[in-house]
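Shown next, in C-alpha cells, is the structure this report addresses.
The values are calculated or read from the model by the stated rules, or taken from the named source; none is laboratory data. Since this is a predicted model, take the numbers as computed values, not measurements. Heads up, the Cβs are rebuilt from the backbone with ideal geometry, glycines too, and the neighbour counts pull from every protein chain shown. Accessible surface is based on the protein model in full, side chains and every heavy atom, while ligands, DNA and RNA are left aside. Shrake-Rupley method; radii C 1.70, N 1.55, O 1.52, S 1.80 Å.
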Amino acid sequence: MPATPIDKTELFARLAEGGDARITVVTPNTRLAQELARDFDRGQAAKGLNVWETADILPFSAFCQRAYEDALYSESASGPPQLLTGAQEREIWESVLLRGSELLVVSQAAAQCADAWRLAHAWRIDAVLGKFQGNEDAQAFAAWAREYARRCASGNFIDVARLPDLAAKVLEKRPKLLVAYAFDLMSPQTSELFGTLEREGVEFRVCRAVERGSKLTRASFPSARHELEAAAAWARARLEAGATRIGVVFPGLQQQRREVVRVFSRVMRPDHQLSGAKPTALPFNVSLGEPLVAVPLVSAALGIVAFSFQEIAFEQASGLIRSPFIGGAQAEMADRALLDARLRGRLSARVTLPKLIAEVKGCPVLRSCLEKVFSLDRSTAKRNESPHFWAQHFSALLDAAGFPGERTIDSGEYQARARFNEALTELSRLGVVAGKISIFDAMMRIRRLCTETLFQPETPEAPIQVLGILESAGLEFDHLWVCGLSDEAWPLAARPNPFLPIALQKQAGIPEAAAETSLALDRRITEGWIGAAGEVVFSWPQKEQDRNLMPSPLITHIAEGTVDAPVYPRFRDLLFAARRLEQVPDGEGPPLAQTSVRGGTRVLADQAACPFRAFARHRLGARALEEPAPGPDAMARGTLLHDLMANLWRELKDSAALAGDVASAIERAATGAVADAGLEGRFAELERARLAKLAREWLDLERGREPFAVAAIEEPRGLAIGGLEMSGRIDRLDRLADGSHALIDYKTGRVTRADWMGARPQDPQLPLYAVTAKEEIGAVVFAKLKTGEMKFTGYGLDKGLVEAAKDWDALRAGWKSELESLARSFASGNARVDPKKQLQTCRLCDLQTLCRVHEKLALLDDESEGGEAYA
C-alpha cells in the first residue's frame with residue numbers, strides 16, 4: 001500500500017512542535033538534508049523566534065549509521081557486528097581477489113566488486129547471484145562474493161551495503177513519524193526498511209518538494225565555455241536583483257570543477273585573486289569537493305612521508321623546499337627560493353633525502369627539519385609492520401619536518417589537516433582486517449585514501465549553489481539553470497555493473513542497467529528541475545570541438561529563447577578602462593660602465609636576436625629556472641661531444657694518425673668524456689657506445705681531407721670588438737697545408753651558413769673568432785656531427801675543405817662591421833624589444849613574461865612564421 005503523502009507546510013508545522021513530537025525526516029543525500037534544515041530554520045526565524053529545537057533531518061545513510069551506533073552503545077543490546085569502513089571493506093575485497101584471481105589491476109577490480117555488492121543488496125539480487133546464469137565476470141564475482149561474505153562472517157563484520165537491513169532490527173529510538181523526503185527512486189532495500197518500521201507502529205509518510213509554476217527557457221551557446229560564462233553572469237545578475245536561492249547544475253561537474261570555480265570566481269568578484277586583498281567568502285558554493293590529495297597541505301604531507309624512504313622527482317622535492325608547510329618556511333622563504341634555483345643546476349631528475357640534505361646551504365632550519373626526518377629509525381623502511389604502526393610513523397615524520405609550518409593555517413587548511421588525520425586513523429584501522437605490510441604498501445594505501453576522499457571545506461551559507469545532477473534532486477530555488485543538456489550528455493547512457501548479470505539487473509529494475517530505465521529516471525529528474533524554481537533555464541553547447549551537438553530530447557518541448565546574462569568586465573578590463581596609464585620610454589638602458597662583459601660570444605648572439613634579450617640576460621642577469629632531466633639533456637650531450645672530440649684529437653694530433661688503427665683512441669676518448677660528465681651505470685654504457693659510434697663515422701669523413709694538423713683544441717681566447725672585451729673558447733683550429741688555419745665549430749643540430757650572413761647575424765660566434773684571430777684564417781667551418789648527416793659546411797679562401805667565398809676579404813670585412821655594430825649597440829644600453837624574426841625568435845625564449853612581447857606583437861600561426869625558432 002503506497003505511503004500517505006504529507007505536504008511540506010504540514011511537515012514543517014509538525015517539526016516545529018519540537019523533540020516531543022519525535023519526527024524524523026530522511027533524505028536521499030546530505031546536501032538535501034542540509035538545505036531542508038536551513039529552509040526549516042528560515043521559516044522559524046521568519047516567525048520571529050530566537051530559539052527553537054533543531055529538526056531531526058538527515059540523509060538515509062546517516063539514519064542507518066545512527067541506528068547502528070545507538071545499538072552499539074546500548075546497554076540492552078548484545079552488540080551488533082563491527083561495521084567496516086570503506087577502506088577495510090576494500091582491503092577484504094583485495095585479499096579475496098589476490099587469492100582467487102589473476103587480475104592485473106586488483107585495486108580497481110576490488111572497487112567495482114564493492115559497488116556490485118552494494119547494488120546487489122540494495123536491489124535484492126544478492127541471494128540469486130550464484131544461481132543466475134551470467135558471463136565469466138558475473139560467475140567470478142559470485143564466487144568472490146561468497147568468500148567475502150564468509151570472511152565477514154568469521155570476523156563478525158558488517159558493511160554499509162547490509163547496514164539498512166541491520167538498522168531495521170536494532171533501531172531502538174524509533175520516531176513516531178518517519179518522513180521520506182524527495183525520494184524520486186527508492187531501492188527495494190530502502191522500501192523494506194521503511195515498511196518494516198511502519199508495520200512495527202511507526203507512522204510513515206512521503207513528502208515532495210513544492211512544485212512551482214516556472215518560466216521555462218531553452219537556450220544554446222557556441223561552446224561549453226560560452227555556456228559556462230553565461231551561466232555565471234546570469235547567476236550574478238539574479239543575485240544582484242535580490243534572489244537568495246540560485247542554482248546552477250552541471251552534469252559533468254566532477255570533471256569541470258576547476259574550470260567552473262575559476263569562471264564563477266572571476267565573474268562574481270573580478271579582483272578576488274589580487275595579492276594583498278582581504279580574503280572574503282565568494283557568494284557561491286560547489287557541491288562536489290576536490291580529491292583530498294589535491295589540497296596543497298595534504299600533498300605536502302604525503303610528499304614529506306614519501307621522501308623519507310624513497311627517491312622522488314625533482315619537481316616534487318622542489319615543491320617541498322618551497323612549501324609553507326615545513327618548519328621555518330616563513331623566515332627562510334627567500335633563501336629557500338634561491339636554494340631551489342641553485343639546486344636545479346646541481347641535482348638530477350630524481351632526488352633522495354640524503355642527497356638533498358648534503359646540498360642544502362644557507363637554510364639552517366630547513367636542513368634541521370630534513371635531518372630530523374632522516375634521523376628517524378630508517379630500518380623500519382625495510383620491515384613489515386602493522387598499519388597502526390605506519391600511521392604513527394607517518395605522524396612522527398610530519399612532526400619532525402615541522403608540519404604544518406610556523407604560520408597560522410587558515411580555516412580551509414585546518415579542515416584539510418583534520419581530514420588528513422582522519423585518513424591516518426583509517427589507515428591505522430586497517431589492522432583489523434590486514435596483517436603486517438611494508439612502508440611502500442602503507443604509503444600506497446594512505447595516498448589512495450586521500451585520492452578517493454573528496455574534500456569540501458565548510459563555508460558560510462551561499463546564495464548560489466553549483467551542483468551535480470544527484471545533488472540537485474529535491475532542492476528548491478528562486479532561479480535554476482541546468483547546463484550541458486546536449487543529446488549526447490542527457491539522458492545518461494546505460495551503465496550496467498560489469499560484475500552483475502545484465503539480465504538480472506534489468507529484471508530487478510536497476511535504472512543504470514538499461515537505456516529505457518535510465519531514460520525514465522532522467523525524465524523524472526528533468527521534471528523535478530522544471531518545477532524546482534520560478535525561473536528555469538535549460539541550455540546546451542552547439543559544438544564540441546568540430547562536432548555539432550543537438551539539444552537533449554528531454555528538453556526539446558521547451559520553447560527556445562534568449563537568456564538575460566549581462567557581460568561583466570574582467571579585472572584587466574576595469575583597469576584598462578580607468579586609463580590611468582603612464583608612458584615610460586624603456587628602450588634604452590644606461591650605457592655599459594666597463595668594457596669587459598661576461599657571457600662570451602652569447603652576448604652578441606642575443607643582441608642580434610633581440611636587444612632586450614641581451615640586456616636582460618647579460619646586464620640584469622635574468623635567467624629561466626633550469627629543469628633537471630633524466631639522463632643527459634641537450635646541453636650535456638653537446639658537452640659530451642666536445643669532450644669526445646677534444647680527447648680524440650689531443651691523442652691523434654693530425655691527419656697522419658688517421659692512417660693507423662684508431663679504435664683504442666676512440667674508446668679512450670669516449671670513456672674519458674663519459675667519466676668527466678659524471679655518468680654512471682646504464683646511462684654511462686649507452687653514452688659511451690653512442691660516442692664511440694659517432695667518432696668512428698666522423699673520422700671516416702676526416703680521412704678524406706687534405707693533410708692538416710690540429711693547432712688548438714678547446715682553447716680559451718680573449719676577444720675585443722667594437723669597444724667590448726669578452727672571452728671565448730675555440731672548439732678546434734686546424735693548420736692547413738698552405739699555412740692558413742681553419743676555424744671549426746662542432747654542431748649536432750641544424751647548421752646553415754645563412755646564420756652568419758646579413759644584418760644582425762643569428763650565430764656570430766665563428767665570424768667573431770675569424771675577425772679577431774691572430775692567425776691567418778683561411779676557412780670558417782661548421783662540423784656537423786650527426787649520424788647519417790656528417791659533413792663540413794662553411795666558407796673559405798679557396799675551395800678545399802668547404803666552398804670558396806666569392807670575396808673572402810669582403811666577407812670578413814662585412815662580418816667585422818656587423819659585429820662592431822652589435823657590440824656598440826650593447827655597450828650603449830640598447831634594450832628595445834625588437835625580435836629579429838618577430839615571434840619566431842621569441843617562441844623558445846625564456847624571457848617572454850619579462851619583456852611581455854605578446855603585448856606588442858600579434859600572434860602568428862606556424863604557417864605564417866615558417867622556419868625554425870632560434871633561442
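Values computed for the structure shown
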read-out	value
Point-charge dipole on Cβ atoms (K/R +1, D/E -1) for the chain, about Cα centre, debye to 20	920 debye
Calculated from backbone phi, Karplus (6.51, -1.76, 1.60) coupling profile of the stretch 818-824 in Hz, x at Gly/Pro	5, 5, 5, 5, 5, 5, 5
Using θ = phi - 60° and Karplus 6.51 cos²θ - 1.76 cosθ + 1.60, couplings along the stretch 452-468 (whole Hz; Gly, Pro as x)	8, 8, 8, 10, 9, x, 6, 10, x, 4, 10, x, 10, 10, 9, 10, x
Using alpha-carbon coordinates, inclination of helix 296-307 to the longest axis of the chain, degrees	60 degrees
Heavy-atom accessible area ranking, 1.4 Å probe, most first, across H618, H557	H557, H618
Karplus (6.51, -1.76, 1.60) ³J(HN,Hα), θ = phi - 60°, over the stretch 199-211, in Hz, Gly and Pro reported as x	5, 8, x, 7, 6, 10, 10, 10, 9, 10, 4, 5, 7
Fraction of beta bridges assigned by DSSP in the stretch 641-793 that are antiparallel (%, nearest 5)	75 percent
Amide H contacts of V286 (H built 1.01 Å from N, under 5 Å, at least 5 apart or other chain)	V466
When each of K653/K747; K653/K774; K653/K693; K653/K784; K47/K173 is checked by Cα-Cα distance, pairs over 23 Å	K47/K173
Helix 515-530 axis, angle to the chain major axis (alpha carbon atoms, nearest 10°)	80 degrees
Interchain or long-range residues, amide H under 5 Å from V249's placed H	L467, W481, V482, C483
Lys/Arg +1, Asp/Glu -1 at C-beta; the stretch 248-344 dipole; positive extreme among A334, P270, L292	P270
Solvent-accessible area per residue for the chain (1.4 angstrom probe, square angstrom)	49 Å²
Label zone at A149 (point 7 Å along Cα-to-Cβ), backbone N below 12 Å, the stretch 490-514	none
For I57, residues with placed amide H under 5 Å, excluding near neighbours	V25
Intensity falloff of the stretch 682-754 expressed as log10 I(q)/I(0), Debye formula with alpha-carbon point scatterers, at q = 0.23, 0.24 Å⁻¹	-1.19, -1.21
15 Å reach of a label modelled at Q65, 7 Å along Cα-to-Cβ, counting backbone N of the stretch 19-55	27-34
The chain: relative contact order as a whole-number percent, Cα under 8 Å and 6+ apart	13 percent
Highest average packing first - 679-686, 228-235, 468-475, Cβ atoms within 10 Å	228-235, 468-475, 679-686
Accessible carbon and sulfur surface of the stretch 5-145 relative to its total accessible area, %, 1.4 Å	50 percent
Counting all C-alpha pairs of the chain, share separated by more than 56 Å (%)	33 percent
Ranked packing of 386-395, 258-267, most packed first, by mean Cβ within 10 Å	386-395, 258-267
Percent of beta bridges antiparallel (DSSP, the chain, rounded to nearest 5)	40 percent
Debye-sum result for the stretch 447-601 in log10 I(q)/I(0), which assumes one identical scatterer on each alpha carbon, at q = 0.11, 0.12, 0.18, 0.19 Å⁻¹	-0.72, -0.81, -1.28, -1.30
Spread of Cα-to-Cα distances over 5 Å intervals beginning at zero, given as percent, for the stretch 41-143	2, 9, 13, 14, 14, 11, 10, 8, 6, 4, 4, 3, 1, 0
Dipole axis of the chain (+1 Lys, Arg; -1 Asp, Glu on Cβ), positive-most option in L449, F477, Q310	Q310
Portion, in percent, of the accessible area of the stretch 220-302 that falls on carbon or sulfur, probe 1.4 Å	53 percent
Sequence-distant lysines (8 or more away, or on other chains) whose Cα lies within less than 16 Å of K382	K436
